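Single-structure report; data block below.
The values are calculated or read from the model by the stated rules, or taken from the named source; none is laboratory data. Source: prediction; values computed, not measured. Reconstructed Cβ throughout: ideal geometry from the backbone, glycine too, with neighbour counts over all protein chains shown.
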Amino acid sequence: MDGVETRLSERTVQDMQLVLSGHRLGRGRATLAFAGPAVVASIAYMDPGNFATNIQAGASYGYGLLWVVLLANLLAMLFQALSAKLGIVTGLNLAEQCRQRLPRPAVYAMWAASEIAAMATDLAEFLGGAIGLSLLVGVPLLVGMLITAAITYAVLLLDRKGFRPLELVIGGLVGIIALSYVVELLIAPVDWKGVALGTVMPQIADGNAVTIAVGIIGATVMPHALYLHSGLTQARVSATNDVMRRIVLRFSNREVVVALTLAGIVNMAMVIMAAGAFHDGHSDVAEIETAYHTLTPLLGAGAASVFLISLLASGVSSSVVGTMAGQLVMQGFVGFRVPIWVRRLVTMGPALVVVALGVNATQALIVSQVVLSLVLPAPLLMLIHLTGRRDVMGRFANSRALQVLAVTGGCLIVALNLVLLLQMAGIDLI
């Protein structure tokens, strides 16, 4: 796989063409024909960085930061829908649009920032998968990383048989993660009244809560997911007129809502599990390894093992999606691709260095999410700008209300990033 391919089975293509030509198919059959892009992109919202930030949020502040998870997920739905729309309507992905419309220095700057984000993403993904494998089967962390890399590469090779098998594998891994947290919530003690209050009542206890909240945003609305979703939809089906584009957009928006609702539920379940298991008596739990070892006596070996299985599934699947996004970004910005194994070696380099130097793995995961939140504004604001322009989107340009909503969400994220920078500079705002 040298780029992001969207080769589909003959039957899937035929079903999409039948729907676009006005034929009625069963609701399930039609939905499945168009499904895929949002499911793949949703993995970015359940990666190991989410585990690290959500464990800290739940252990340190109980259910108090659930509203941040909900807000982040609603923002993710909005911006993933816009990303998909950009690809469907224009036939170009976000990186290609940036290369076409920005001055060359800005293009290279955005590409460089995107590559930094890709390395930060890989750091989270490989470390998460390696931690899960290391604790689950007892291998050294470095060996776990290499095994995770090998599994990731094997999954990527499925693309040679078409894109649908890859989508199905990623969808299966999403199912494993979701099922794991259903099991965890059945085992962990949960104060559902506290869950409801924490979800709808915004509160920030102290400066550290701000840092974790920004980390949650960074682990949820991610740069590579914005780039990838526009690429997955841009050439999936040939929509040759506005009527067809509207049909494709309708299916795309439905899939975004379903896929990211599931991702949001999983993220909230992570915080709820950590709050129920650790907040009373173990609020200092801030690392994935500590969470695993603490879960065993508290909730039993089964709960701890389920936690690791979900972490491993998250690491492998998000690494696959991260690689696909990295290839798309490189091709979109600078017009060339590298063999998949070369890209894997380059972007997993920082993770190998972190392990070799003995850096705390969970803290590295947290830092990686902060890096992502700082890189996010450029592609995010460019996406809002492009989808609001009638000369780019035609009649599909954002309505005034939608544009105001998108700008407000984008400004909120940029403001949170500014708060984080001030905190890192030693200026406490709370």
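Let me spell it out: the conditions are (1) touching a helix residue (DSSP H, G or I) at 6+ places or on another chain (Cβ under 6 Å); (2) closer than 12 Å to residue 333 by Cα; (3) of a type in the set (Ser, Thr, Tyr), and residue 108 meets all of them except one. Which number is the exception?
(1)
Is at least one residue of segment 308-316 in a helix (DSSP H, G or I), surrounded by fewer than 18 Cβ atoms within 10 Å (Cβ to Cβ) and at pLDDT 80 or above?
yes
Could you pull out every one of the helices (runs of 4 or more DSSP H) wholly within segment 179-279 that has 3 or more residues that are over 24 Å from residue 66 (Cβ atoms), touching a residue at least 24 places away in the same chain (Cβ under 8 Å) and not hydrophobic (A, V, I, L, M, F, W, C)?
It comes to 223-234, 242-274.
Return the residues of segment 383-409 that are under 30 Å from residue 209 (Cβ atoms) and either free of Cβ contacts under 8 Å to residues at least 40 places away in the same chain or among the hydrophobic types (A, V, I, L, M, F, W, C) (or both); say none if nothing qualifies.
383, 384, 404, 405, 406, 407, 408
For segment 146-182, give me each residue that is under 20 Å from residue 59 (Cα atoms) and surrounded by fewer than 17 Cβ atoms within 10 Å (Cβ to Cβ).
182
Please verify whether segment 333-352 includes one or more residues that are at pLDDT 80 or above and among the small types (Gly, Ala, Ser).
For segment 333-352, residues at pLDDT 80 or above and among the small types (Gly, Ala, Ser): absent.
Which one of the conditions (1) modelled with pLDDT of 75 or more; (2) touching a Ser or Thr at 6+ places or on another chain (Cβ under 9 Å) does residue 235 fail to meet, given that it meets all the rest?
Against the list (1) modelled with pLDDT of 75 or more; (2) touching a Ser or Thr at 6+ places or on another chain (Cβ under 9 Å), residue 235 comes up short only on (1).
Could you tell me whether any residue of segment 50-68 is within 17 Å of the chain's Cα centre (by Cα), on the phi < 0 side of the Ramachandran plot and outside any helix (DSSP H, G or I)?
no
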